[in-house]
Amino acid sequence: MAFLISNPSRRNVLRGVLGGMGATVALPFLDCFLNGNGTALANGSPLPVRFGTWFWGLGMDKAVFIPKKVGADYDLPLQIQSWKGVKQHINLYTNFNVIADGKPVIDHYTGWVALRSGICPASHGALADPSIDVMVADAISGATRFRAIDCAATGSFADTYSYRTENAKNPPAISPEEFYVKMFGPEFQDPNAPEFKPKLEFIVRRSVLSSVSEQSASLKKRLGASDQARLDQYFTSLRELEQRLDLQMQKPPPAPTCKAPVDYKPSKINQGTEVESVAVRHQLMSDLMAMALTCNQARVFNMTYSNSSTGLTKTGLDKSHHTITHEETQDQTLGYQPVNSSFVVKAMESFGYFVKALASVPEGDGTLLDNAVVYAHSDHEYAKIHSIAGIPMMTAGKAGGRLKTGLHVDGKGEVATQLGLTLLKTMGLSQEQWGSGALRTSRVISEIVA
């Protein structure tokens, strides 16, 4: 027998007796849980807002990438023509600068680190502050199974741009098959299942982790300072894992549009570096990520299309994209490097697909993308000369109505960290400033704030 509580809310449950013991079953996400407009929960709480990043290497060609028109309804030059169906979701930021602040410019490194952390690194491998996604995850990821989800369509574990320190990088899933198992494999708990029963292995693992962490205090007393710091970092990771396991022992919150793939068996994708293969892997991962987000697996996500010194190739070419950026001469008639440009075109096609995948999932009175913001950027502006002034950046999504979209913003030489600060504030972090040295800023990009 079960009894339904009156005045339903998301916390209401069916309470009854099963085998002589008390039992509770959470209600599914019914229409009555939303307000009359479908824009928030019935109690006024907003729908969750997600934050993500998207990265591609080796920049762009200004002549065929930067629109002539600033503001709304911007034009689409050759390299971004593929955005035609999704341009209304995308803000493009050009002419924003990374300033080296007296430090050496490290090829394929300084630019992306500055855009991710607000700091120009002193040397290759130096990552002094957490990447922006980690900062956001610290603030908003307490109620999801994964703190963040990371993917690299390149097929390499090394291709991550998410980190807490140089010794604590977040490894990505590198194949659609691996990503599917991680998101929807045996440990996945269907948020819309009518009944819920914690799995025994979660309970065992949770108790084992607790017993281990309780011994840390006595162990630390016998260690030096550096080992104590390493142990603290280790047990911080364990505590995060415990929190994830705790969530696995609770009924997930309902997610009305969550439809986990059934018997997902993607064909084996060539793990090579050809852009054709990378594009297919990226598409599969994009579709899976969209469903993982709507199934409340995470609220922070990262996607790598190509790495910063990308070795992507194309069928019929005997050189990699990176080599071509340096060896291909500029076509005097066209005004750009045509082969290099073809790689950028493919990258932007994939970004457009990623945006469309998020925009295709309905949520409330809008879409998953409406309740998210994606921060995309590269490592250089013009890779042939390793320039870091004017590195292209984009955002997609309205962040729950907090951002305007469909704009081309000319930075007019201002520091690029203004976008990072704007996004941190958009996600609710109390950041008055962001960045270090010449990159420190307290200014937001007001044109995009709704």
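Read-outs throughout are calculated quantities, based only on the coordinates presented, and are distinct from any laboratory measurement. All values reported here derive from a predicted model rather than from experimental measurement. Cβ sites come from the backbone with ideal geometry, for glycine too, and all protein chains shown count toward neighbours.
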Practice task
Quick one: check the C-alpha center-to-center distance for the stretch 401-437 versus the stretch 279-298, whole angstrom.
Solution key: 26
Problem - Residue-span extension gain [R443 to Q228] - 0.36 nm each, minus C-alpha spacing - result: 73.6 nm
Practice task
Round to the nearest 0.05 the FRET efficiency obtained for T323 and K221 when R0 = 56 Å and r is the Cβ-Cβ distance.
Solution key: 0.55
Problem - Protection proxy ranking of 407-417, 325-335 - average other beta-carbon atoms within 10 Å, highest first - result: 407-417, 325-335
Problem - Links that overshoot a 31 Å alpha carbon limit, given the list K384/K404; K62/K404; K68/K169; K103/K346 - result: K384/K404; K68/K169; K103/K346
Fill in the blank from the handout: By the mean-Cβ-within-10 Å protection proxy, highest first, 362-375, 48-61 rank as 48-61, 362-375
Fill in the blank from the handout: Taking the dipole of the stretch 270-381 about the Cα centre (Lys, Arg +1; Asp, Glu -1; charges at Cβ), the one of S378, A347, L358 that reaches farthest to the positive side is L358
Exercise for the section: Assuming R0 = 25 Å, can you tell me the calculated FRET efficiency for the pair I385 and D410, based on Cβ-Cβ distance, to the nearest 0.05? Expected result: 0.70
Problem - FRET efficiency estimate (nearest 0.05) - Cβ-Cβ, S360 to A139, R0 22 angstrom - result: 0.20
Fill in the blank from the handout: For D331 and V70, extending 7 Å from Cα along the Cα-Cβ vector and measuring point to point gives, in nm, a value of 3.0
